[in-house]
């Protein structure tokens, strides 16, 4: 979606598999949470960067962890991150699931194999092998290690660390695709999302679906938000979920955005505080006294 728009810490978090401070979570980070037993999990795609964990921890008085997975639609988030986390931990009390029109997109794309650096041959990721049966394990490793997205990640870090490169984030980067992005209703992903809701119901996990801010003018022009919300309401029927919509929270003010779908860090802090206070006012999670 358009130009360079994500901050340096995102690319460093992808390259440094050991970090536990940033909101982008590699598979190794999820496994590092073994027996960590968070009270609240944040899940989602790149827009899961919109939740500051230190602020949530402080305001809610809970142990909060982010297992968002940038670039990955929901079926990969669920099977790659959530199921892995749940295999090693007790269920959280709450899940804050970032939702967006990209949630139900079909995602059989080789780019997603490239992000599997630490996990290609682990049994919990059998679904990758099922998606790409003709690619040998050795070829996958070479692909992950030397080509594609990880190569781009390291190039991006090099660029951002050059003198003056941080100025890339002082200006707004508009979308350039120039077409309306219709909701793709993938029955497989929708079914997995419904199974996810049922699983959370059975485990007593309170599901909180949150749509963080878009630049409203761009969302109205390029995204099928009406179709998206219709789909959300259809898949959540019969489930105990809370839906919180902040899509227009910052309006059209570009000072808050890197691009129409991603917030700058000061805006992230402001937005996270608002979400925490609204969770309190709605009677879902009280603020820490």
Got a number for residues in the range 36-68 being farther than 17 Å from residue 103 by Cα, in a loop (DSSP other than H, G, I, E, B) and touching a helix residue (DSSP H, G or I) at 6+ places or on another chain (Cβ under 9 Å)? 7
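One line per residue, one yes/no per condition, for (1) modelled with pLDDT under 80; (2) more than 12 Å from the chain's Cα centre (by Cα); (3) under 29 Å from residue 281 (Cα atoms):
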{"position": "24", "(1), (2), (3)": "yes, no, yes"}
{"position": "48", "(1), (2), (3)": "no, no, yes"}
{"position": "54", "(1), (2), (3)": "no, yes, yes"}
{"position": "66", "(1), (2), (3)": "no, no, yes"}
{"position": "72", "(1), (2), (3)": "yes, no, no"}
{"position": "101", "(1), (2), (3)": "no, yes, yes"}
Filtered residue count, the range 50-68, keeping only those that are in contact with a strand residue (DSSP E or B) (Cβ under 8 Å, 6 or more places away or on another chain) and either more than 22 Å from residue 228 (Cα to Cα) or without any contact (Cβ under 8 Å) to a residue 60 or more places away in the chain (or both): 11
Of the residues in the range 240-266, those that are in contact (Cβ under 8 Å) with a residue 40 or more places away in the chain and closer than 20 Å to residue 101 by Cβ come to 241, 242, 256, 257, 258, 259, 260, 261, 262, 263
Of residues in the range 103-112 being farther than 21 Å from residue 210 by Cβ and not in a loop (DSSP other than H, G, I, E, B), the one modelled with the lowest pLDDT: 110
Kindly provide the set of residues from the range 69-101 that are part of a strand (DSSP E or B) and closer than 15 Å to residue 189 by Cβ, ordered by number. 97
Answer residue from the range 173-205, given it is in contact with a strand residue (DSSP E or B) (Cβ under 6 Å, 6 or more places away or on another chain) and modelled with pLDDT under 95 and is surrounded by the most Cβ atoms within 10 Å (Cβ to Cβ) among those: 173
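The values are calculated or read from the model by the stated rules, or taken from the named source; none is laboratory data. Fair warning: this is a prediction, and the values are worked out from it, not measured in the lab. Every residue, glycine as well, gets a Cβ built from its backbone with ideal geometry; the counts of neighbours run over all protein chains shown.
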